[in-house]
Amino acid sequence: MPVLSKTAQVEQRLRRSILCGEWAPGTHLPGERDMLSLFGVSRTTLRDALTSLASQGLIERKQKSGTYVSTALGTTTVAIVANADLLTASTSYYFRRLVQEARRLIRESGRRPVAAYGHGNTLQACLDSIDVLTRPAEGKLLGVLSTMPLGSAAERLKEAGISAVDIGAGLPVGKHSVIFDYARLTEMGAQRLLSAGYADFAVMCVHPASGETDMEANGLGEMLLHLQEKAVDFRADRLIPVPGSYDLKQTYHIFKQVWASAKRPRAIFFCDDGICDVATRAILELGIKVPEELAIVTHANKGRTFHFPVPLTCVEFDPAAAVRAAWGMLEKLMTGERVDDPVVRIPPHWREGKSV
């Protein structure tokens, strides 16, 4: 990671003090001599930092009067980073719930939420389409709450003095992350079916090496696949891979093919609620009795509704809890407080049903 120049360091410290409200709009900043003593830099370095802040509209320099925090500064903003294609997909309750909760918490803090949505079939393409990441916004932007891995963009944000926290699945992908404990979720789902007597249950999951999209980072897809393979004792015949896509459209046809085979399973653990949603449409069409002919345990996200006549047994995550944890961490970073635990894991919980 590149080392910030002294000018950038001074600019970053002043910028954070202004945006965090330490110096309110209209406040007269300390004199040049005091700031030179405070930062221990040369007059040229300090003046270059102040010139940059003035160009961003954060400060006003008045001849014979001094330097002031801009009276037009107004409310600071926090960007919510997300993939627009995922937000609009029919199976993406999870992402929409994250964004809704983030907006609510940011507004309640007195700051303004700003949508920073990207497009693209790969993670990098999506990140490259978001201006706030390719050219970190100057002026009022104080923090970034991301629903996807930020990758190298996190370094650019740090250089600009903008704090960032990401929310992900299974593996921390940034210095400050909130992640869902998929290892525990997979273990709980498998144990539930085993305890009910379904020793040969199948797992239906997204295969990271196939599909229309490539939104993985840091081996996350491979890690999740390993957990799912472990759940079925690494027996390939008990794993039902689904190509990745925003709507998981191939799930419907793959399930019907599996059910028509001679080795159709007596129980299935759906590792994604989107997969379950699509597969249950095929289950209803085929008239399969649940749980008499097929027992089901599925991943779910709290508040997710399945349009199915039998209440499904779910092991679920709470997206709102993840956002609350991420926002609490981001607020500390934005105000310069110490973050004791840079990685927070969100545990799964049972939602009882009648599908096992």
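The values are calculated or read from the model by the stated rules, or taken from the named source; none is laboratory data. Small disclaimer: the values here were computed from a predicted structure and weren't measured. In this analysis, Cβ positions are derived from the backbone assuming ideal geometry, glycine residues included, and neighbour counts consider all displayed protein chains.
Please go through segment 34-64 and give me each residue that is polar (S, T, N, Q) and either assigned to a helix (DSSP H, G or I) or modelled with pLDDT of 85 or more (or both), ordered by number. Ser37, Ser42, Thr44, Thr45, Thr51, Ser52, Ser55 - these are the residues of segment 34-64 that are polar (S, T, N, Q) and either assigned to a helix (DSSP H, G or I) or modelled with pLDDT of 85 or more (or both). The residue pairs whose first member lies in segment 78-97 and is without any contact (Cβ under 8 Å) to a residue 40 or more places away in the chain and within 22 Å of Cys276 (Cα to Cα), whose second member is part of a helix (DSSP H, G or I) and basic (Lys, Arg), and whose beta carbons are closer than 7 Å, counting only pairs six or more residues apart or on different chains, are Leu87/Arg96. Across segment 311-341, the qualifying residues are those that are at pLDDT 95 or above and surrounded by fewer than 16 Cβ atoms within 10 Å (Cβ to Cβ), and the one among them that is nearest to Arg104 (Cα to Cα) is Gly328.
When Ala82, Ala125 are checked against the criterion of being surrounded by fewer than 18 Cβ atoms within 10 Å (Cβ to Cβ) and either among the hydrophobic types (A, V, I, L, M, F, W, C) or in the same structural domain as Asp247 (by TED's automatic domain parsing) (or both), Ala125 stands alone in meeting it. Looking across segment 10-33, the residues that are touching a residue at least 24 places away in the same chain (Cβ under 8 Å), under 33 Å from the mean Cα position of the chain (by Cα) and not in a loop (DSSP other than H, G, I, E, B) come down to Val10, Glu11, Gln12, Arg13, Leu14, Arg15, Arg16, Ile18, Leu19.
Taking Gly353, is it among the small types (Gly, Ala, Ser) and on the phi > 0 side of the Ramachandran plot? No; evaluated as a whole, the condition is false for this residue.
Scanning segment 291-307 for residues that are among the small types (Gly, Ala, Ser), within 23 Å of the chain's Cα centre (by Cα) and within 11 Å of Val356 (Cβ to Cβ) yields a total of 0. Put simply, of Thr298, Thr251 the only residue that is among the hydroxyl-bearing types (Ser, Thr, Tyr) and within 30 Å of Gln124 (Cβ to Cβ) is Thr251.
Within the group Glu331, Glu337, which residue is assigned to a loop (DSSP other than H, G, I, E, B) and on the phi < 0 side of the Ramachandran plot?
Answer to the check: Glu337.
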